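Report on one structure; see the data block that follows.
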Amino acid sequence: MILRPRKTAKLPPRALLEVTNVLTGSTALPFIKSLTRLKYKLLKKDDQEGDLQADKDWGVTVVEEDGLPASLKKKMMEIVLAVDKVKFLATELRDENFFHRIFINRMCTTDDADQQRQIDSPQHLWHTDGYGAPAGEELLTVVFTLYDGELDSESLSAMDVGGFLGLSNADDGHFTPISSNEIQSKPKSHTTSTYYPKTNSLYIFPGYFVAHAVFKVNPGTVRYSIVMFVRLRKSLIDGVTPDSYLRAEWAACNPDNKSVVCHQCWSAFVDISALTAHHIRSCKNHPSYKLK
């Protein structure tokens, strides 16, 4: 057994929700065994045209939805619906249409794939979720993380073994790139934050507009991630769409206590006066600017 130093946990960034010790009881170990026995395939990297090593440089193996047993998908739907916020935001459908997509990533250094060598280079490049979703459909990102089969969420996290998550720290979920000339530019550090997923936990956030990236794991670590894109409800929340609700929540959840949000650009302000001044400036500088 490898002994790893304990490190102080950091608080989740902005409106990201963390749920720990997800798998419990007698069903936990059988679930993990079924997870490890699935047929994982090397995922081809398709973001760099002309990359001759595309088949071996993504660094993960995957099981797509068609390779997942129905029992696993049902179990994960039950798990995420046990989270009050997910149940509040999710579609009322409880069938194969509950998830827009569900799949599993396995990240480790023993697969026939190369990991990024630079510690500050993400394994999964900066992106937003929802590829293949119909235009205008918003999806809640829910990710179950498991490190080395460990069930105690407080004993192991990305702070110990890698695989941390970078997220936008901006009100609108974007980030400021270092250079506009690069196809996949790195963000300026002050526009992002870092989250360290714990083992046997969920992290939940609106990944369809919040830019994020996943970084490599340490040698010897095996990281399983069940990635779920949950369809949102169609009905309004407090008179606004689920999309507006989530964008306003993300913008207002900041360390500066700026809780008044512009529903045009999703910037947050300290009070109504500051928001009004912002509207005046915006209308003056951009005649096409319209208040929502």
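The values are calculated or read from the model by the stated rules, or taken from the named source; none is laboratory data. This is a predicted model, so every value here is computed, not measured. Every residue, glycine as well, gets a Cβ built from its backbone with ideal geometry; the counts of neighbours run over all protein chains shown.
Please determine, by comparing only the residues of the stretch 181-199 that are at pLDDT 80 or above and among the polar types (S, T, N, Q), which one is surrounded by the most Cβ atoms within 10 Å (Cβ to Cβ). Residue satisfying both the conditions and the ranking: 199. Look at residue 171 and say whether it is touching an Asp or Glu at 6+ places or on another chain (Cβ under 6 Å) and either touching a residue at least 24 places away in the same chain (Cβ under 8 Å) or crowded, with 18+ Cβ neighbours inside 10 Å (or both). So residue 171 fails the test. Those strands (runs of 3 or more DSSP E) of the stretch 177-267 in which at least 3 residues are touching a residue at least 60 places away in the same chain (Cβ under 8 Å), of a type outside the set (Val, Ile, Thr) and within 21 Å of residue 18 (Cβ to Cβ), considering only elements entirely within it, cover 201-205, 223-231.
Only one of the listed residues (86, 60) is under 20 Å from residue 143 (Cβ atoms), at pLDDT 95 or above, surrounded by 13 or more Cβ atoms within 10 Å (Cβ to Cβ) and in the same structural domain as residue 123 (by TED's automatic domain parsing). That residue is 86. Taking the criterion of being over 20 Å from residue 99 (Cβ atoms) and either more than 10 Å from the chain's Cα centre (by Cα) or outside the structural domain of residue 107 (by TED's automatic domain parsing) (or both), the residues of the stretch 199-224 that qualify are 199, 200, 215, 216, 217, 218, 219, 220, 221, 222, 223. Looking at this structure, is residue 273 over 30 Å from residue 160 (Cβ atoms), out of contact with any helix residue (DSSP H, G or I) (no Cβ under 6 Å at 6 or more places or on another chain) and of a type in the set (S, T, N, Q)? Yes, satisfied. Of the residues in the stretch 23-35, at least one is within 26 Å of residue 160 (Cβ to Cβ) and either in a loop (DSSP other than H, G, I, E, B) or modelled with pLDDT under 65 (or both). Here residue 220 fulfils each of the conditions (1) closer than 30 Å to residue 33 by Cα; (2) crowded, with 18+ Cβ neighbours inside 10 Å apart from (2).
Exactly one residue out of 73, 45 is within 21 Å of residue 207 (Cα to Cα), at pLDDT 80 or above and not hydroxyl-bearing (Ser, Thr, Tyr), and it is 73.
Within the stretch 129-168, can you find the residues that are within 14 Å of the chain's Cα centre (by Cα), part of a loop (DSSP other than H, G, I, E, B) and touching a residue at least 40 places away in the same chain (Cβ under 8 Å)? 129, 130, 138, 163, 164, listed by residue number.
Filtering the stretch 92-107 to residues that are under 19 Å from the mean Cα position of the chain (by Cα) and either surrounded by fewer than 22 Cβ atoms within 10 Å (Cβ to Cβ) or over 22 Å from residue 241 (Cβ atoms) (or both) leaves 98, 101, 102, 103, 104, 105, 106, 107.
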